[in-house]
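K.L.:
Structure incoming, see below.
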There are 2 protein chains.
Amino acid sequence: MASVRIREAKEGDCGDILRLIRELAEFEKLSHQVKISEEGPCVVGYGIYCFIYSTWKGRTIYLEDIYVMPEYRGQGIGSKIIKKVAEVALDKGCSQFRLAVLDWNQRAMDLYKALGAQDLTEAEGWHFFCFEGEATRKLAGK
Amino acid sequence: MASVRIREAKEGDCGDILRLIRELAEFEKLSHQVKISEEGPCVVGYGIYCFIYSTWKGRTIYLEDIYVMPEYRGQGIGSKIIKKVAEVALDKGCSQFRLAVLDWNQRAMDLYKALGAQDLTEAEGWHFFCFEGEATRKLAGK
């Protein structure tokens, strides 16, 4: 296995990350939903996170996406990215770390559980709901 | 029905909002998870939102919680709070508006669907995963 370094993204990584986002969309069978464009070249995976607020637990980190190129999987890179996000969470005072996964992605679900995550959809019945652009505009009366 | 006004929260509402958070936790049968304290008195509902990032759609609003006191339900206050959040979403350049709901809360699920939301757990299989405090610390090696 080639040496892999987990680091914060820089502006120059944008092209690479966009390429990976497209690969992720293909993997998730949701390519038609990607609304962004541009091309680029040697980052092999990424994690995109942001900070949210849990009503009961306070400041929380949310991992919007994690992706590793197929030919680099099975080397523990995904786990390293998740550990890095957990470090950021603690550095920023977040006790809770949330993420979402598609139920047919057994490999990812098994990994998250093995790392100590709880499936809250399974355990408590949480469902994701979303208003897309048109529905949001209709709701707002615009 | 008494006149109800949907407005932004002020610092002085904290006691009231905390009282409602406790009521929400009881409603969700998850009171044991509330880690905050303090008391207070006449706000009858709230919505707590924050801004997140959707890899494919960009800036997104996330409604962490919405709650209306039982004796004020059935008056459309929940819908008004959701419409207000949709207005904020558009004002802040968010096309997507996400929220989560417990699967046994049929009334809420029906409301969100009637307002135009999609159940992404049902439609695409998204599951919520979460690392709680201890699991996050273990992950980060702390």
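Conditions tested, residue by residue: (1) at pLDDT 90 or above; (2) within 7 Å of another protein chain (Cβ to nearest Cβ); (3) in contact with a Ser or Thr (Cβ under 6 Å, 6 or more places away or on another chain).
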position	(1), (2), (3)
A:PRO70	no, no, no
A:GLU87	yes, yes, no
A:LEU90	yes, yes, no
A:PHE128	yes, yes, yes
A:GLU132	yes, yes, no
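K.L.:
Related question: Can we say B:GLY45 is within 14 Å of the chain's Cα centre (by Cα) and at pLDDT below 85?
P.N.:
Judged against the criteria, B:GLY45 is a match.
K.L.:
Okay, next question. Across region B:77-132, what is the total count of residues that are open to solvent by less than 60 Å² (accessible area, probe 1.4 Å), under 17 Å from the mean Cα position of the chain (by Cα) and of a type in the set (Asp, Glu)?
P.N.:
Final tally of qualifying residues: 1.
K.L.:
Going through region A:133-142 one residue at a time, which ones are among the hydrophobic types (A, V, I, L, M, F, W, C) and surrounded by 21 or more Cβ atoms within 10 Å (Cβ to Cβ)?
P.N.:
Step one: list which residues in region A:133-142 are among the hydrophobic types (A, V, I, L, M, F, W, C), which gives A:135, A:139-140.
A:LEU139, the sole residue that qualifies.
K.L.:
Identify all residues within region A:52-68 that are more than 8 Å from chain B (Cβ to nearest Cβ) and of a type outside the set (Lys, Arg); write none if there are none. Walk me through how you get there before you give the answer.
P.N.:
Quick first cut of region A:52-68, residues more than 8 Å from chain B (Cβ to nearest Cβ) only: A:59-61, A:63, A:66-68.
Across region A:52-68, the qualifying residues are A:THR60, A:ILE61, A:LEU63, A:ILE66, A:TYR67, A:VAL68.
K.L.:
Does B:TYR49 qualify as being closer than 30 Å to A:ARG22 by Cα, hydroxyl-bearing (Ser, Thr, Tyr) and open to solvent by 20 Å² or more (accessible area, probe 1.4 Å)? Spell out how you get there, then give the answer.
P.N.:
Working: closer than 30 Å to A:ARG22 by Cα: yes; hydroxyl-bearing (Ser, Thr, Tyr): yes; open to solvent by 20 Å² or more (accessible area, probe 1.4 Å): yes.
Yes.
The values are calculated or read from the model by the stated rules, or taken from the named source; none is laboratory data. None of the values given here were measured: they were computed from a predicted structure. Heads up, the Cβs are rebuilt from the backbone with ideal geometry, glycines too, and the neighbour counts pull from every protein chain shown. Accessible surface is based on the protein model in full, side chains and every heavy atom, while ligands, DNA and RNA are left aside. Shrake-Rupley method; radii C 1.70, N 1.55, O 1.52, S 1.80 Å.
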